[in-house]
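Asks: For reference, the structure I am asking about is given below.
The values are calculated or read from the model by the stated rules, or taken from the named source; none is laboratory data. As the structure is a computational prediction, the values presented were derived from the model and not from experiment. All Cβ positions, even for glycine, are placed from backbone atoms using ideal geometry, and neighbour counts span all protein chains on display.
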Amino acid sequence: MPGIIRFDPNVLKKSLRDSGLTELQLKEVVSLLAKSDYRLRVTELVTILEKQGMSMSSMIHLLTGMGLSKSDAVSTISGAHMRKYGSDVQNLVYLEIEDE
């Protein structure tokens, strides 16, 4: 999964709005992105979105819309959770998401 995802900030704003963020939440997210010069690790973006109350399914949809595969999106969210809780990889439960 290592690599860079390039995106138009306006497209990201629309995607975030479509994902259910309020205008206030959107402004907070955009402000954090602007402070980082629109360069962050995807796990950092996930952490920001979780703090705004975005659901995991909405994050997966957003990340796949940005070009990540579904499995990479799930791995990214899991990585963010590992950092958040200081979990050890051996203690994680892995789920497999199948295309419908």
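Asks: Could you say which residue among L40, L16, L45, L21 is in contact (Cβ under 8 Å) with a residue 40 or more places away in the chain and in contact with a helix residue (DSSP H, G or I) (Cβ under 9 Å, 6 or more places away or on another chain)?
Replies: Answer to the check: L16.
Asks: Also, quick follow-up: Taking V42, is it buried (at least 17 other Cβ atoms within 10 Å of the Cβ) and either of a type outside the set (D, E, K, R) or at pLDDT 85 or above (or both)?
Replies: Considered against the rule, which asks whether it is buried (at least 17 other Cβ atoms within 10 Å of the Cβ) and either of a type outside the set (D, E, K, R) or at pLDDT 85 or above (or both), V42 comes out as yes.
Asks: Do any residues in the stretch 55-84 that are under 12 Å from V42 (Cα atoms) have Cβ atoms under 6 Å from those of residues that are among the aromatic types (F, W, Y), where the two are at least six apart or on different chains, and which pairs are they?
Replies: M66/F7
Asks: Taking the stretch 4-15, which residues are within 16 Å of L40 (Cα to Cα) and within 15 Å of the chain's Cα centre (by Cα)?
Replies: I4, I5, R6, F7, P9, L12, K13
Asks: Looking only at the stretch 7-36, which residues are at pLDDT 85 or above and charged (D, E, K, R)?
Replies: K13, K14, R17, D18, E23, K27, E28, K35
Asks: Kindly list the number of the only condition in (1) farther than 18 Å from I4 by Cα; (2) modelled with pLDDT under 90 that fails for S75.
Replies: Condition (1) is where S75 drops out.
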